[in-house]
Amino acid sequence: MATSVAAALAAELGLRTAAELRPATEAGDAPPLTRTRSAADTPPVALAGAAARPDALPATIRPPRTILPVTPDIAALLPFGGLATVTAITGSRRGATSLLWRLLAGPTRAGAWCALVGMPGRYPLAATAAGADLHRLAFVDAAGPRIADAAGALAEGVAALVVPSDGLSPAQARRLTARARKGGTAIVWWETRPVAGPDARLEVARVRWRGLRVNTDRRWGAGRLHACELDVAAHWRSGGGHRARVWPYGGEPQGNVVELRPKGGRR
């Protein structure tokens, strides 16, 4: 039933399915949305004490058939250099939504359809500011058990699917993950409850904004925001990882940077 629903949605909305994004056998026939990486251009692991490279993965972790292109600042955080199979973003961390929009900027700008299921209250203009193409983003309003139904229906109709982890039971999450690995759809877990076995788990360690200046009369300072810096740590299923700074909005700062503090913290 879910497969037929997904096929109907793809036909009606013109979605590009995961099967259409699989790498071609000949380089000249490779579709523009597919990106494969060789050992020469795979970024090295940057965690302290780690000397292995992500192309030297254990035999049980094979490169996926479909790798969606991402922006260069995101590529270093992902084990295959692109969005593939299962990724988790720690949704409870400040700046996680900005990281999500930046993660989806590459696939949507390349023409891939991405869908967010059961995630209300997201600000779409922020997605545009981070580089995402809103014409390739589908927002699906679902709640409760409908989240699992909608995610299952869309799993084969879009290239990447963003789902809140607390919207599915552990058994449903395992089934959706297995389906993604088999069909080539990239699943991005909005991790408000831990999920098992993502290829990469991304966590924002620090957020800094350009344009704010310290103001003793205001908790968060004063000024006009121009750019945002995210310090992101990536942990890979292969045992490696990477840490990098991502600028979802604006460029690197030249001054006037104020670090956001949790509510209740000292000014």
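Read the figures in this text as sums done on the coordinates, not as results from a lab. Just so it is clear, the structure is predicted and the values come from calculations on it, not from any experiment. In this analysis, Cβ positions are derived from the backbone assuming ideal geometry, glycine residues included, and neighbour counts consider all displayed protein chains.
Here's how it looks for residue 142: its modeled amide H is under 5 Å from those of 118, 119, which are all 5 or more places away or on a different chain. Summary of packing: across the peptides 178-184, 82-88, the per-residue average of other C-beta atoms within 10 Å ranks them, highest first, as 82-88, 178-184.
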